[in-house]
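Written below as C-alpha cells is the structure these notes are about.
The values are calculated or read from the model by the stated rules, or taken from the named source; none is laboratory data. Model, not experiment: these values are computed from the prediction. Methodologically, a virtual Cβ is constructed for each residue, glycine included, from the backbone with ideal geometry; neighbour enumeration extends over all protein chains shown. Keep in mind that these areas ignore ligands, DNA and RNA; they rest on the heavy atoms of the full protein, side chains included. Shrake-Rupley method; radii C 1.70, N 1.55, O 1.52, S 1.80 Å.
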Amino acid sequence: VAALLGLLYGGAAWVVQLPVFPITEVRVVAPLTHVTREQLETIVRREVRGNFFTLKLGTTRTAFEKLPWVRSANVRRQWPGALEVALTEHVPLARWGKSGLVNLQGEVFEAAFDGALPVFNGPEGSATEMTIQYEHFRRSLAAIGRTPGEINVSSRRAWQIRLDDGMTLDL
C-alpha cells in the first residue's frame, strides 16, 4: 500500500511538472496610470516561471511590487492557464526632499514624476505625520485662498510652511 501511494504521489508530481499546463495569458485587471505595458512585459518575461501548478505566487507578487509605481500586487491563478494580476499604484501627494515622492498614505517611494507637487522636508519617518498635517493645513489655508507649497519639519517638530505666494509661516 505504501509503495502504491508513493508511486501515485510520484506520478502526480511528474504530471504537474509537465509543460502541459503552461501560463498562456497574464491579465491585469485594474486600470494603470503610471505602470507601462513594457514594464509589465519585462516582469512577466523575467519572473513568471513554471506552469499553472508550479508558479510561485509569492515570488511573482514580490516581482510586480518591485516596480516603482506599484504599492501592492495581488496575483491569482485562473483556470485553465491564466494569471490574474491586480496592481494598486501609488498616488503621489508630495515630493520628499529631492529624492522621492510621498503617497496619500504617507509612504515614501522612489519614482519619476514631472507634475507639480508640494515639497515635504523632514526627518526620516516623519512623512506620515506630514501627510496628515498637510491635509489640515491645506483645508485651513483654502479659506484665505492659499495653498501650501513646501512644508518643513525640524527634528524638534518645528513646522515651517511656505505658501504658494512665497509667504512663510513658522509654527
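I'd like the carbon and sulfur percentage of the solvent accessible area for the chain, probe radius 1.4 Å, heavy atoms only, ligands and nucleic acids excluded. Carbon with sulfur: 56 percent of the solvent-accessible area. With each label modelled as a point 7 angstrom along the Cα→C-beta vector, the Leu4-Lys56 pair spans 3.6 nm. For segment 6-116, the per residue solvent-accessible surface stands at 62 Å², with DNA, RNA and ligands left out and a 1.4 Å probe. Amide H contacts for Phe52 (H built 1.01 Å from N in the peptide plane; partners 5 or more residues away or on another chain; cut-off under 5 Å): Phe21, Ile23.
So the label point goes 7 Å from the Cα of Thr42 along Cα→C-beta, right? Which residues of segment 59-103 then have their backbone N under 11 Å from it? Residues 67-68 fall inside that zone.
Here the spin labels are modelled as points 7 Å beyond Cα on the Cα-Cβ line, and at Leu163 and His34 they lie 3.0 nm apart. For the chain, the 222 nm mean residue ellipticity estimated from helices alone, with every DSSP H stretch of n ≥ 4 adding -39500 (n - 2.57) and the total spread over all residues, rounds to -9500 deg cm²/dmol.
Within segment 57-150, the proportion of C-alpha pairs whose separation exceeds 18 Å stands at 55%. For the chain, dividing the convex hull volume of the Cα atoms by the residue count gives 165 Å³ per residue.
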